[in-house]
């Protein structure tokens, strides 16, 4: 059966409120061939996301409506691989709430997305040949993968001359980005692998923000920030910088950036790399 993710805005909802609602769903879902697997609660933002397997979206909505009346504002069909890639395979607690993979803390479903890009890779490939280009990409990939794993992230895909990764927290994303830049800067050019630079961008967001696209806005924003970043730097949203306050990271002053695909300027900050 198809897999769906829905979103509810429920200001003031408590974990106990969601436990009762989930129990009510489970009590009647069998009548409609529906399986509400788990939910994510972001108390701070008053958002709830439910993961459900159902014959169709209408059946999933009917269970919510009859069980407790909390109808979803949005519901989208999603690829199971996308769920695993972005939200991980964490379990649930006794109430049915999703918990962070590998831990017992409740998961809010907010994720930080990071993109890397090898500066001038196409020009270098044309000038130096495919073998050199392959060596550059291989070196970059090894550095990025090691940093992502070290900071509990997950590589989602390769972008040709870069990598897209996702993290459970903004701090992990920023630390991984700093680690990458430090490692690249420490490389000694050698025959077959010239000096190169990497630009990095990162943004944080919820699963469904707009246009009914699973993490679409966050992914697009992180990619745009990566393209906007200067060589050798890490550019993040002001939101990520604020979430890292008091955690030992330093950032430049706030600047507004006009990015393709976004109607309003995006507030950004550059990471001061000290690690």
Do you know which residues across segment 159-184 are surrounded by fewer than 18 Cβ atoms within 10 Å (Cβ to Cβ) and modelled with pLDDT under 95?
159, 160
Among the residues of segment 72-82, count how many are over 16 Å from residue 39 (Cα atoms) and either buried (at least 19 other Cβ atoms within 10 Å of the Cβ) or touching a helix residue (DSSP H, G or I) at 6+ places or on another chain (Cβ under 6 Å) (or both).
0
Screening 46, 85, 69, 90 for residues that are at positive phi and surrounded by 13 or more Cβ atoms within 10 Å (Cβ to Cβ) leaves only 46
Taking interchain pairs and intrachain pairs at least six residues apart, which have beta carbon atoms under 7 angstrom, with the first residue in segment 129-149 and surrounded by 13 or more Cβ atoms within 10 Å (Cβ to Cβ) and the second part of a helix (DSSP H, G or I) and at pLDDT below 90?
132/124; 133/121; 133/124; 133/125; 136/121; 136/124
Out of curiosity, is residue 95 touching a helix residue (DSSP H, G or I) at 6+ places or on another chain (Cβ under 8 Å) and part of a loop (DSSP other than H, G, I, E, B)?
yes
Looking only at strands (runs of 3 or more DSSP E) that lie completely in segment 213-275, which have at least 2 residues being outside the structural domain of residue 7 (by TED's automatic domain parsing) and in contact (Cβ under 8 Å) with a residue 60 or more places away in the chain?
234-237
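The values are calculated or read from the model by the stated rules, or taken from the named source; none is laboratory data. The structure displayed is predicted, hence computed values, not measured ones. As a convention, Cβ positions derive from the backbone with ideal geometry for all residues, glycine included, and neighbour counts pool all protein chains shown.
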